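The values are calculated or read from the model by the stated rules, or taken from the named source; none is laboratory data. Keep in mind that this is a model prediction, so the values were computed, not measured. FYI the Cβ positions are ideal-geometry reconstructions off the backbone, even for glycines, and counts take in every protein chain you see.
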Amino acid sequence: MKNSQKTVSRGAEQARQHLPAILSAAASGRTTLITRHGRTVAAVVPATAVKQRAVASLLALAGTGRGLWGRSSARAIGNLRDEWNR
C-alpha cells in the first residue's frame, strides 16, 4: 500500500451502498476502513497489499483425534445429541 494514498473511512451501511466504488478504489490502490458504531471492523485493501499464504496440508493432523471420543464415537455423539432433548 502506498503511503501517499489517503485512507478513507466509511460506516457499514454507507459501505454496503457504495461497495462498487470501494472496490474500484481498492483496485486503484486505495484503502477503505469500514466502521460500525464508530469502531473499525474491517478494511478493504488492494489485493497487492495482502501477503499470500501457501495452502497448508492437513495430512499432518491425520490420526491426532484418535481416542478423543472414547471407545465408541457413535455413543459419544449420541450422548451429545441427547443433551438437546433434556
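Ser57: on the phi < 0 side of the Ramachandran plot and over 20 Å from the mean Cα position of the chain (by Cα), yes or no? The answer is no for Ser57. Only a single criterion out of (1) at pLDDT 85 or above; (2) out of contact with any strand residue (DSSP E or B) (no Cβ under 6 Å at 6 or more places or on another chain) is not satisfied by Leu58, namely (1). Selection within region 45-73: residues that are within 18 Å of Gly29 (Cβ to Cβ) and not basic (Lys, Arg). The member of this set that is surrounded by the fewest Cβ atoms within 10 Å (Cβ to Cβ) is Gln52.
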